[in-house]
Structure formats: C-alpha cells, structure tokens
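Got a structure for you, questions after.
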Amino acid sequence: MCSVRQKTLSQIAGTLDIWGRAPLITCRVPRLTPPPPNEEELSRDSQGRVISSYYSELLIDRVDCLTQEKRSELEKLAQLPRRKQRIAPKQMRSVIRKVCWEQYVTIGALAELVDRKPKFLQSHYLSLMVKDNELKLAFPSTPNDPRQAYITTQSQEEDLE
C-alpha cells in the first residue's frame, strides 16, 4: 500500500520540484519472511540442531544446544582456526564449507566454532563466499534477516572429500 504525503497521486501528476524530483512517496512492502519462532517453540533433533519449516535443512543456531558428540565433531572440523589466529583465507573457506555442509549455521554459531568475531567473518568470508556461490543464504531475499544462516552449496561437494 503506497501513500503520498499531503497530496494524492492525481494531485501531484506532472508536478516536480526545481531539481526535477517528484514529491515524497512512501510504500509499505509486505514482509517476505515470517517472524521468527519463540525459543520455546523450537524443536531439536537428537544432536541439538533446530528442526524448522523456515529452513530446508537442519539448523545450528547455538553451539551450547548441541550434544557433546556433535559439538566435538564440529570443533574438530574447525580446529585449525581455533588453534591459530592467522590462517590462509583458502584454509578458512574450506573450514567454513565443511562446518556448513548439509546444515544451516548461523553467523553466531559459526563465529563461536572458528573462534572469530561475527563481523569479521561476515566481511572477510561469508559475503564473498555467497557471492562466489560457495555458500547459500537461508533467506536470499532478505540478506540482513536476523535469522540468516549459511549452508554449503551442492557445487562444493567435491571439495569436501
């Protein structure tokens, strides 16, 4: 639903300001994704991953909700960046792809697993990996969605073995 401040569209037709701009028009766009579920509404699988209709695969949203076995498995995959502060970008990308294989992982959970700050991961790796089609967004139409999570694309399957 669009609205115009103080005038209707028919009243402003043909009128422009001295720079050639039309008067301010604001539009409301319907929300493209449903609101997030409450914490108590989340159901989890036997490993502690979220089962939700919002995601096509299982989701790791919080590392502390994972079983000890699953957490250890992921920490083992991420052991290189956990041990060393500086690693080659190619190595970090490989770790991220492995952690995000066949499951969505939120930026917070991923940051905890690889022992890096979320903003650093976002700016140095995740955005570029999505652009390079190494990762896929859970909500591609709203990249800044607070529920955003990442999953390795099928085209990266051969790199994981």
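The values are calculated or read from the model by the stated rules, or taken from the named source; none is laboratory data. These numbers were taken from a predicted model, which means no experiment stands behind them. Here the Cβ positions follow ideal geometry from the backbone for every residue, glycine too, while neighbour counts run over all protein chains shown.
Looking only at residues in the range 95-125 that are crowded, with 18+ Cβ neighbours inside 10 Å and either among the small types (G, A, S) or out of contact with any helix residue (DSSP H, G or I) (no Cβ under 7 Å at 6 or more places or on another chain) (or both), which one is farthest from S52 (Cα to Cα)?
A111
With the requirement that a residue be over 21 Å from I151 (Cβ atoms), of a type outside the set (A, V, I, L, M, F, W, C) and not in a helix (DSSP H, G or I), what does the range 60-99 give you?
K84, Q85, R86
Output the number of the condition that A111 fails; it satisfies all remaining conditions of (1) free of Cβ contacts under 8 Å to residues at least 12 places away in the same chain; (2) assigned to a helix (DSSP H, G or I); (3) closer than 25 Å to S43 by Cβ; (4) out of contact with any Pro (no Cβ under 7 Å at 6 or more places or on another chain).
That leaves (4) as the condition not met.
Within the set of pairs 6 or more residues apart or between chains, which connect a residue that is outside the structural domain of E102 (by TED's automatic domain parsing) inside the range 116-142 to a residue that is at pLDDT below 95 with Cβ atoms less than 9 Å apart?
Partner pairs satisfying both residue conditions: none exist.
Which numbered condition in (1) part of a loop (DSSP other than H, G, I, E, B); (2) surrounded by 12 or more Cβ atoms within 10 Å (Cβ to Cβ); (3) without any contact (Cβ under 8 Å) to a residue 60 or more places away in the chain is the only one that Y55 fails?
If we test Y55 against (1) part of a loop (DSSP other than H, G, I, E, B); (2) surrounded by 12 or more Cβ atoms within 10 Å (Cβ to Cβ); (3) without any contact (Cβ under 8 Å) to a residue 60 or more places away in the chain, just (3) comes out false.
What is the one condition in (1) assigned to a helix (DSSP H, G or I); (2) surrounded by fewer than 21 Cβ atoms within 10 Å (Cβ to Cβ) that R147 does not satisfy?
So the condition that R147 fails would be (1).
Hey, any hits in the range 80-96 for a residue that's within 19 Å of L58 (Cα to Cα), without any contact (Cβ under 8 Å) to a residue 12 or more places away in the chain and among the aliphatic types (A, V, I, L, M)?
From the range 80-96, those within 19 Å of L58 (Cα to Cα) are 95-96; that's our starting set.
Going one step further and asking which of them are without any contact (Cβ under 8 Å) to a residue 12 or more places away in the chain, we end up with none.
No: zero hits.
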